[in-house]
Amino acid sequence: MRDRFPLLVVGGLIVTAVLGSWLVRGAARGGFADTLSTWRAQPDGARGLFLLAQESGLPAVRRTADFRILQKGTGSPVLLAVEVEDAREDDPDQTALAAGREDGLEDEDVPRHGFNRLHVPELSEEETEKLLEHVKAGNTLVYVPWGSKENPLLDALGVKLFKADTSLPMRTLVPPLSSPYTLGVERVEAKVQAYLELPEKGAVPVLADEPLRMTVAAVVPYGAGKVLVVGAPELAMNQALARADNAQFWLSALSALGPGPYEFDEHHHGFTNERSVVDFARRYGLHFAVGQLLLGLCLWAVALKRFGRPRAPPEAMRVGATDALFAMSRLYREGRHHGFAAGLITRGLTQELALHAGLPAHAPASSVAEGLAARGREDLANGLRAVVRDAETVSGEGDLKHLASRAAVLRQRIHPSGPPSRALAASTPEES
């Protein structure tokens with residue numbers, strides 16, 4: 001145990017540092033959620049957009065279920081940085097614009113936080129079909145893709161994305177024409193990830209890059225419904241709502257899309273409607289779960305500690321144990337099983353000393369004696385050899401009593417405290 005103590009200390013410090021880091025990060029208000037999640041209060045979250053819609057009187061709710069079942073009364077789903085299954089990059093030059101840069105708006109993959117690094121579901125093929133049927137029936141959809149990859153949802157709308165040059169500074173976006181979607185909007189400021197190539201008929205450009213004259217946001221018709229596609233995901237982030245007319249753009253665009261309610265998708269940000277310990281930790285952080293674990297460990301450690309002097313057992317238990325001991329001794333004495341009793345005494349002593357030799361309890365006496373000698377306990381090793389040797393020559397009750405006394409004296413030497421008693425001093429020369 002002494003040899004492993006430094007390793008235990010180092011391991012304990014590492015575990016404490018890791019748990020402390022998780023506690024600090026998990027306790028950050030709103031910092032546990034995914035990028036562009038309406039639960040995330042950090043600069044790259046969308047909590048501000050969700051609260052802005054609610055405070056402005058727009059019916060905004062969070063959706064924690066998937067889109068495989070869409071009821072008739074379902075309103076307008078809002079997909080912010082939701083990855084779609086079977087996404088691809090047809091033009092390698094588009095990906096090259098984001099290569100070699102830090103994770104952020106330049107990256108083609110959504111930066112993940114907390115538990116969302118482990119598992120965030122993509123929009124499956126079945127869900128994509130259900131959403132398109134929902135829009136085709138006369139409903140609306142808001143889709144803010146991350147990066148410039150093509151996917152089945154954009155293919156169905158006839159929209160193609162072109163990666164914006166990430167070395168360009170923040171862009172100034174203006175409405176290319178007057179429409180209800182930009183009511184009260186003069187200019188919008190945000191970093192652009194992708195420009196849109198719209199289908200030939202029906203699409204309405206909503207925002208365009210003022211110097212480059214390239215479309216950033218548009219309303220695309222699909223069947224009897226329509227979809228708002230925005231190629232600047234930063235426009236929905238908390239850090240961007242206070243710039244220029246960014247907040248007014250969202251209020252005007254959502255109001256013009258329809259009555260709602262606007263269902264902000266959280267299922268594909270890692271939040272589900274299933275109640276579990278993992279979901280609780282994912283939503284509220286690890287500090288509560290780890291705090292309960294530490295409290296349990298403290299209570300367990302306190303329960304193992306003895307306070308005060310040991311109490312004597314109840315009188316009935318003490319008398320009953322004594323009577324049982326006398327009954328067993330009489331059975332051995334009458335049946336003359338002295339050799340068997342001596343073997344039991346030797347076996348019990350060997351099992352107890354094996355723990356202090358670092359060996360399993362079933363180790364033979366010779367191995368235990370060698371282990372004790374290797375750990376510097378020659379006294380215990382010699383004593384065990386002497387007890388084993390005397391047990392082989394036990395032939396009567398007197399020899400058995402003498403063997404039991406020597407075993408008891410040897411047990412007292414395991415954890416010596418204070419000066420040796422006269423019984424120990426008297427037995428030392430004989431055992432050595």
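Read-outs: derived from the displayed coordinates by stated rules, not from any lab. Computed from a predicted model, the values in this text were never measured in an experiment. With ideal geometry, Cβ positions are generated from the backbone for all residues, glycine too; neighbour counts draw on all protein chains shown.
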Of K163/K226; K72/K191; K136/K191, pairs whose Cα-Cα distance is over 29 Å
K72/K191; K136/K191
Considering only the other residues whose Cβ falls under 14 Å of the Cβ of S252, what net charge follows from Lys and Arg at +1 and Asp and Glu at -1?
-1
So what does the Cα-only Debye profile of the range 42-95 read at q = 0.19, 0.29 Å⁻¹, as log10 I(q)/I(0), no solvent term?
-0.89, -1.28
In terms of the alpha carbon gyration tensor, root eigenvalues a ≥ b ≥ c, rounded if a/c is under 1.5 and otherwise prolate when a/b exceeds b/c or oblate, the range 207-270 is oblate
Where the centroid of each part is defined by its Cα atoms, how far is the range 350-406 from the range 223-262 in Å?
82 Å
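Once you have the Cα-Cα distance between E133 and V302, take 0.36 nm times their residue separation minus that, and quote the gain in nm to one decimal.
Details: separation 169, 0.36 × 169 = 60.84 nm, distance 6.16 nm.
So the chain would gain 54.7 nm between E133 and V302.
With the Cα gyration tensor of the range 107-202 giving a ≥ b ≥ c as the square roots of its eigenvalues, does the rule (a/c under 1.5 for rounded; else a/b larger than b/c for prolate; else oblate) give rounded, prolate or oblate? Walk me through the intermediate numbers first.
On the way: a/c = 1.80, a/b = 1.12, b/c = 1.61.
Oblate shape, in that a/c is at least 1.5 and b/c is the bigger or equal ratio.
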